[in-house]
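Novice: Quick one: this structure, given as structure tokens, is what I'll be asking you about.
The values are calculated or read from the model by the stated rules, or taken from the named source; none is laboratory data. What you see is a predicted model, and the numbers here were worked out from it, not measured in a lab. Neighbour counts are summed over all protein chains in view; Cβ atoms, including those assigned to glycine, are modelled from backbone coordinates with ideal geometry.
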Amino acid sequence: MKIRLLTCAQTSIVDQSSQNISIINIIDFVQTPIFPAAIPINLVAYFVKQPSEPDEVKIALIAKLDDQVLVERAFSVRFSGDDTTRLLASVGPALVTQPGVFRVEIRYKGKLLGDWPIRIQKAGNETTLLTGPRMASNLPDHRESARRVLRRGAKKVTSKRAAKKRA
């Protein structure tokens, strides 16, 4: 068995009609001024199996900070007669207590199939969250500033439309 795609994101959504997956806010780097910080684990993985492999396999998800295991969960992956399948798993936030490399690993029969590293850094006086959701209660909510930018952009579009109508 192999993994073609493995990522951690804030959110992943499966479209009900097309079955397409949308991966929103891929998380690969986080800065936080205070530890412990909560790191969300919303995993998206795409598996490919050999025809000789069973239709249902058990895999292990292991989340580590450097060499310390923070989360370990087992999942069943079902191929349902196909050679490919995907796994969308939300296993909740993991608390990291210090800067380092937070790594999510997928293992099958003890063998590493793939991993996703997330670099965790301590921020200076400014709080910067480059990707992902609000990670700790002390981080600012960037949604409000995004709304202000969108409102300003919408006003410009509206005024351009109004100018075209006037001409």
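Novice: Within the group Ile118, Ile3, Ile24, Ile34, which residue is surrounded by fewer than 14 Cβ atoms within 10 Å (Cβ to Cβ) and touching a strand residue (DSSP E or B) at 6+ places or on another chain (Cβ under 6 Å)?
Specialist: Ile24 is the lone residue from the list that is surrounded by fewer than 14 Cβ atoms within 10 Å (Cβ to Cβ) and touching a strand residue (DSSP E or B) at 6+ places or on another chain (Cβ under 6 Å).
Novice: With the condition kept exactly as written, say whether any residue in region 51-61 is surrounded by 12 or more Cβ atoms within 10 Å (Cβ to Cβ), closer than 19 Å to Ala9 by Cα and not polar (S, T, N, Q).
Specialist: Checked region 51-61: at least one residue is surrounded by 12 or more Cβ atoms within 10 Å (Cβ to Cβ), closer than 19 Å to Ala9 by Cα and not polar (S, T, N, Q).
Novice: Would you pick out the residues in region 93-115 that are surrounded by 13 or more Cβ atoms within 10 Å (Cβ to Cβ) and more than 21 Å from Ile3 (Cβ to Cβ)?
Specialist: Pro93, Leu95, Val96, Pro99, Gly100
Novice: Across region 70-87, which residue is farthest from Asn20 (Cα to Cα) among those that are surrounded by fewer than 16 Cβ atoms within 10 Å (Cβ to Cβ) and over 18 Å from the mean Cα position of the chain (by Cα)?
Specialist: Ala74
Novice: Related question: Could you please let me know if Gln10 is at pLDDT below 90, touching a Pro at 6+ places or on another chain (Cβ under 7 Å) and of a type outside the set (A, V, I, L, M)?
Specialist: Taking the combined requirement at face value, the residue satisfies it.
Novice: Here is a list of conditions, (1) without any contact (Cβ under 8 Å) to a residue 60 or more places away in the chain; (2) in a strand (DSSP E or B); (3) within 26 Å of Arg119 (Cβ to Cβ), and Gln10 meets all of them except one; can you say which number that is?
Specialist: Gln10 satisfies all of (1) without any contact (Cβ under 8 Å) to a residue 60 or more places away in the chain; (2) in a strand (DSSP E or B); (3) within 26 Å of Arg119 (Cβ to Cβ) except (1).
Novice: So, of the residues in region 90-105 that are closer than 22 Å to Ile21 by Cβ and at pLDDT 90 or above, which turns out to be farthest from the chain's Cα centre (by Cα)?
Specialist: Going through the qualifying residues, I end up with Glu105.
For (1) within 27 Å of Pro33 (Cβ to Cβ); (2) of a type in the set (S, T, N, Q); (3) touching a Phe, Trp or Tyr at 6+ places or on another chain (Cβ under 8 Å); (4) part of a strand (DSSP E or B), each residue gets a yes or a no:
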position: Val71; (1), (2), (3), (4): yes, no, no, yes
position: Ala74; (1), (2), (3), (4): no, no, no, yes
position: Gln98; (1), (2), (3), (4): yes, yes, yes, no
position: Ile106; (1), (2), (3), (4): no, no, no, yes
position: Trp116; (1), (2), (3), (4): yes, no, no, yes
position: Ile120; (1), (2), (3), (4): yes, no, yes, yes
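Novice: Next up: For the condition touching a residue at least 60 places away in the same chain (Cβ under 8 Å) and among the small types (Gly, Ala, Ser), what is the one hit in Ala45, Ala89?
Specialist: Ala45
Novice: Answer yes or no as to whether Asp67 is loosely packed, with under 13 Cβ neighbours inside 10 Å and under 16 Å from Glu105 (Cα atoms).
Specialist: yes
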